[in-house]
1. Can you run down the residue pairs with Cβ atoms below 7 Å, 6 or more apart or on separate chains, where the first is in the stretch 244-271 and more than 14 Å from Val196 (Cβ to Cβ) and the partner is of a type in the set (Phe, Trp, Tyr) and buried (at least 21 other Cβ atoms within 10 Å of the Cβ)?
2. I'd like the full set of residues that are under 21 Å from Ala184 (Cα atoms) and among the charged types (D, E, K, R), limited to the stretch 264-316.
3. Which of the numbered conditions does Glu158 fail, given that it passes all the others? Conditions: (1) at pLDDT below 95; (2) assigned to a helix (DSSP H, G or I).
4. Out of all the residues in the stretch 305-315, which are charged (D, E, K, R) and either buried (at least 16 other Cβ atoms within 10 Å of the Cβ) or not assigned by TED's automatic domain parsing to the domain that holds Lys287 (or both)?
5. Go through the stretch 341-354 residue by residue and tally those that are touching a helix residue (DSSP H, G or I) at 6+ places or on another chain (Cβ under 7 Å) and either hydrophobic (A, V, I, L, M, F, W, C) or without any contact (Cβ under 8 Å) to a residue 40 or more places away in the chain (or both).
6. Can you tell which of Pro90, Pro98, Pro154 is under 16 Å from Leu234 (Cβ atoms) and either touching a Cys at 6+ places or on another chain (Cβ under 7 Å) or touching a residue at least 60 places away in the same chain (Cβ under 8 Å) (or both)?
7. Pull out all pairs, ordered by first then second residue, where Cβ-Cβ is under 7 Å, the residues are six or more apart or on different chains, the first lies in the stretch 316-327 and is farther than 10 Å from Gly177 by Cα, and the second is in a helix (DSSP H, G or I) and of a type outside the set (Val, Ile, Thr).
8. Can you tell me which residues in the stretch 43-89 are among the aromatic types (Phe, Trp, Tyr) and closer than 17 Å to Lys19 by Cα?
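The values are calculated or read from the model by the stated rules, or taken from the named source; none is laboratory data. From a predicted model like this one, the values you see are computed outputs, not experimental measurements. Ideal geometry is used to build each Cβ from the backbone, glycine not excepted, and the neighbour counts take in all protein chains shown.
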Amino acid sequence: MTVNRKISKGKCIMKKINKNFKHSSSAFTIKKSQVKFYEKIDKIPEEGDVIYGRVLSLGQHDTLENTSGRIHKIFNGTKAVFVFGNRYAPDHYESIVPTDNVTTVDMVARSGVVGKVLNKNCTIGDPTTIEILGYVYDKNEKLLNTKDYPIITPEKTEKKSPRAKMILSIGTSMNSGKSLAAEACCWALSSKGKEVRGSKITGTASLKDILYMNDAGASHYTDFTHFGYPSTYLSREEDLLNIFNKTDLKYANNPKNFWVVEFADGIGQRETSILLKSKCVRDRIYKLIFCSNDAYGAIGGLIKLKENFGLTPDVISGVCSSSPLHIRELQEFTNIPILNSFNPNTEEWLKIIS
């Protein structure tokens with residue numbers, strides 16, 4: 001139960017947040033001990049702003065991921081900490097941080113990212129609605145924004161060569177199997193005693209993908225939320241490159257190691273396209289994996305990958321790699337190796353990625 005605590009802040013009165021609140025993974029850089037008070041204020045939301053909210057009506061999402069990866073069941077009335085962010089998800093929602101003062105918001109990801117839905121895939125439900133009880137403050141009455149508390153601060157500032165070998169997993173769109181391919185790489189390499197680090201550079205907050213890399217053998221696992229970004233959709237080019245380069249500096253300095261990296265969504269998506277066009281990213285690619293849901297998605301993707309970025313992958317994988325028929329269709333078009341990421345053969349993967 002929330003109790004009042006009188007703290008002078010103009011004419012407003014802050015309220016104390018009960019310690020039993022749900023701490024969503026979108027607020028990954030905020031420690032639970034920092035979350036002390038909330039207050040209703042007139043404010044235009046900004047990306048990374050932390051709010052204390054109550055589930056007003058359940059929709060597509062009826063669960064909430066916390067900062068340790070646990071999935072909570074939520075109900076009408078559940079109170080939690082949420083974070084304003086954008087989202088780009090062809091299979092779910094396109095949403096943005098509202099541009100005016102709002103009292104309710106849409107929950108657009110299980111991680112607790114909230115915003116204003118612009119478009120949705122017609123196969124999914126309407127978003128869960130969150131009532132904003134107030135913006136969140138720490139014990140010193142400072143408004144909390146996740147981007148103010150990055151937890152990756154590399155000691156080095158200059159990339160020295162040689163570096164850890166970067167294996168990049170990209171694809172045609174979300175749910176094309178990029179994360180599974182990244183996991184297959186982590187598993188194949190770590191099972192042979194190789195030191196592996198796993199990173200997801202772009203996307204919407206969700207610990208699932210990097211936790212699976214850890215399960216598959218990555219000793220260190222990170223994503224953009226470690227820099228305080230609830231999402232990278234609509235981020236500036238310099239911010240995207242900052243996330244990539246600082247992660248590289250922190251976790252990929254040892255040339256004996258492998259760095260497995262995933263870019264979210266497809267090669268036509270804005271942020272992925274920005275990164276693939278960047279020389280500092282392209283120069284780091286040791287092996288490139290391209291994922292697709294089906295054979296002709298892969299064929300079209302290979303053409304665009306070559307035309308737009310001058311890149312040819314070393315491996316085709318993802319959802320299409322689980323189907324002998326998709327593989328047969330692909331083999332009529334290309335001789336690029338096609339490796340199954342659902343049931344990976346370690347030796348086959350190692351022949352190409354190690």
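1. From residues that are more than 14 Å from Val196 (Cβ to Cβ), the pairs are Asp265/Tyr88; Gln269/Tyr88; Glu271/Tyr233.
2. Of everything in the stretch 264-316, those that are under 21 Å from Ala184 (Cα atoms) and among the charged types (D, E, K, R) turn out to be Asp265, Arg284, Lys287, Asp294, Asp314.
3. Unmet for Glu158, out of (1) at pLDDT below 95; (2) assigned to a helix (DSSP H, G or I): (2).
4. Asp314
5. Qualifying residue count for the region: 4.
6. Details: Pro98 fails: either touching a Cys at 6+ places or on another chain (Cβ under 7 Å) or touching a residue at least 60 places away in the same chain (Cβ under 8 Å) (or both); Pro154 fails: under 16 Å from Leu234 (Cβ atoms).
The unique qualifying residue is Pro90.
7. Sorted first by the residue in the stretch 316-327, then by its partner, the pairs are Ile316/Ala298; Ile316/Leu330; His326/Ala295; His326/Cys320; Ile327/Ser321.
8. Correct list: Tyr52, Phe82.
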